[in-house]
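The values are calculated or read from the model by the stated rules, or taken from the named source; none is laboratory data. Quick caveat: nothing in here was measured; it's all calculated off a predicted structure. With ideal geometry, Cβ positions are generated from the backbone for all residues, glycine too; neighbour counts draw on all protein chains shown.
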Amino acid sequence: MRVSRGEKIFNVINIIIMVIVIIATLYPFWYLVSVSFSSEKFVYSGAVTLFPKGFTLKTYKVLLAEKDFWISYKNTVIYTVLGTFISLFLSTLLAYPLSKKNLKGRNIILGLVVFTMFFSGGLIPTYLLVNALGMRNTIWAVVIPGAINTYYVIIMKTFFEGLPAELEEAAAIDGMDTFGILLYIILPLSMPVMATMTLFYAVGIWNNWFGPFIYLDQKELFPVALYLRNIIVGSQSTMVNSTNDVNDIAQIQATVKAASVILTALPIIMVYPFLQKYFVKGVMIGSLKG
């Protein structure tokens, strides 16, 4: 098929714009990688750009030797795995019934769900509720308050609406109940949207620091995002005091923020390629069908 001149020009412009967007997106992260491996004198002088200067692993060695860092990492993994499972479970139980047009009170329930997208109980009432339920300084304070995201529920609902109703009718005729249909028919066909929601929920929980900052007082319960936040605001005295060498202290202070960001983001970056093939398909189908 011949490509017209206008289409060629459009493709060239499109490629240029995409390259600019990719560079603008990747450069800040790449810059942090360069800073984390650079010597403090080059960092303070602003000489670090695309590649590390005065290559050193000193900050990573000190950071990885920190007991609190590994405790917070372990906490984050637990919060992310448990929180993602709870969020997917609750979101599915809400989205699937709402996808059925014969559900009594469907429009009222859907209206209440959408209402929560624009209005919430507020920070103080939510804190008082979490405290009254005895969830402060527990894992449940991290994974329960934000377990259901309304926007994700709507995407899942729209995806379920796009599945053939004949499959469910055939399963019902064969004697399968509603939960059996959901478990053995709907969920296997919903892998794209489920994988997408898994990624969304996991990234949200992994990066969440504000909730733990409010509800957790015990340092041994902090997630890695809150640990990183404390470093960014200057609470890094433990790491600085772990060495008596003046040069080591200067190196840590110059690059600890960048190194912490890299170590925090690395697991999500490693997981994303395995879910990427479902990502676009799940979002597009869930957003456009129906």
Quiz item: Taking interchain pairs and intrachain pairs at least six residues apart, which have beta carbon atoms under 8 angstrom, with the first residue in segment 2-14 and outside any helix (DSSP H, G or I) and the second polar (S, T, N, Q)?
Solution: VAL3/ASN11
Practice problem: Name, by its number, the condition in (1) free of Cβ contacts under 8 Å to residues at least 60 places away in the same chain; (2) under 27 Å from ASN75 (Cα atoms) that does not hold for MET194. | Solution: (1)
Quiz prompt | Residue count, segment 144-167 (criterion: surrounded by fewer than 18 Cβ atoms within 10 Å (Cβ to Cβ) and not in a loop (DSSP other than H, G, I, E, B)) | solution = 6
Quiz item: Could you say which residue among ILE249, ILE231, ILE262 is at pLDDT 60 or above, part of a helix (DSSP H, G or I), more than 28 Å from TRP140 (Cβ to Cβ) and over 19 Å from the mean Cα position of the chain (by Cα)?
Solution: ILE249
Quiz item: Among the residues of segment 118-125, is any surrounded by 11 or more Cβ atoms within 10 Å (Cβ to Cβ) and of a type in the set (Ser, Thr, Tyr)?
Solution: no
Quiz item: Inside segment 32-62, can you point out the residues that are under 16 Å from LEU263 (Cβ atoms) and part of a helix (DSSP H, G or I)?
Solution: LEU32, VAL33, SER34, VAL35, SER36, LYS58, THR59, TYR60, LYS61, VAL62
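Given GLU7, GLU40, which one is modelled with pLDDT under 85 and in contact with a helix residue (DSSP H, G or I) (Cβ under 7 Å, 6 or more places away or on another chain)? Please lay out each step first, then the result.
Working: GLU7 fails: in contact with a helix residue (DSSP H, G or I) (Cβ under 7 Å, 6 or more places away or on another chain).
When all the criteria are applied, what remains is GLU40.
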Quiz item: If you take the residues of segment 207-221 that are in a helix (DSSP H, G or I) and more than 20 Å from the chain's Cα centre (by Cα), which of them is nearest to ILE124 (Cα to Cα)?
Solution: LYS219
Practice problem: Kindly list the number of the only condition in (1) within 29 Å of PHE213 (Cβ to Cβ); (2) hydrophobic (A, V, I, L, M, F, W, C); (3) touching a residue at least 24 places away in the same chain (Cβ under 8 Å) that fails for LEU128. | Solution: (3)
Self-check item: Within segment 35-60, considering residues that are surrounded by fewer than 21 Cβ atoms within 10 Å (Cβ to Cβ) and closer than 23 Å to ILE268 by Cβ, the one nearest to the chain's Cα centre (by Cα)
Solution: TYR60
